[in-house]
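The structure under discussion appears below in the form of structure tokens.
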Amino acid sequence: MPDLNKLKGIMVEKGKTYVDGARIIGCSVTFSAKMNGKSSFTVLEANELSNALHLSREERATIFLA
């Protein structure tokens with residue numbers, strides 16, 4: 001199960017909003033559902049978001065592979 005609370009915290013630290021996240025992964029309404037665990041991130045979306053937020057390998061694993 002993804003650690004979405006950690007992802008939310010990192011986004012806040014980096015000054016990113018859900019709108020920014022949606023732009024990064026190329027979706028709109030579904031980003032909120034993904035952040036609330038109602039829908040899953042695809043591998044491509046997780047990679048794009050991780051790159052944009054400059055997440056370490058450990059952070060990526062903790063957030064998306066937990």
**OP:** For region 1-15, enumerate the residues that are assigned to a loop (DSSP other than H, G, I, E, B) and either at pLDDT 95 or above or over 11 Å from the mean Cα position of the chain (by Cα) (or both).
**Re:** 1, 14, 15
Subject >> Top-ranked residue in region 4-18 [being more than 16 Å from residue 41 (Cα to Cα) and in contact (Cβ under 8 Å) with a residue 24 or more places away in the chain; ranked as least open to solvent (accessible area, probe 1.4 Å)] >> reply: 10
Original post:
Can you spot a residue in region 27-50 that is under 11 Å from the mean Cα position of the chain (by Cα), surrounded by 12 or more Cβ atoms within 10 Å (Cβ to Cβ) and touching a residue at least 60 places away in the same chain (Cβ under 8 Å)?
Top reply: no
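The values are calculated or read from the model by the stated rules, or taken from the named source; none is laboratory data. What you are looking at is a predicted structure, and each value in this text was computed from that prediction instead of being measured. Glycine also receives a Cβ, built like all others from the backbone with ideal geometry; neighbour counts cover every protein chain displayed. Accessible surface is based on the protein model in full, side chains and every heavy atom, while ligands, DNA and RNA are left aside. Shrake-Rupley method; radii C 1.70, N 1.55, O 1.52, S 1.80 Å.
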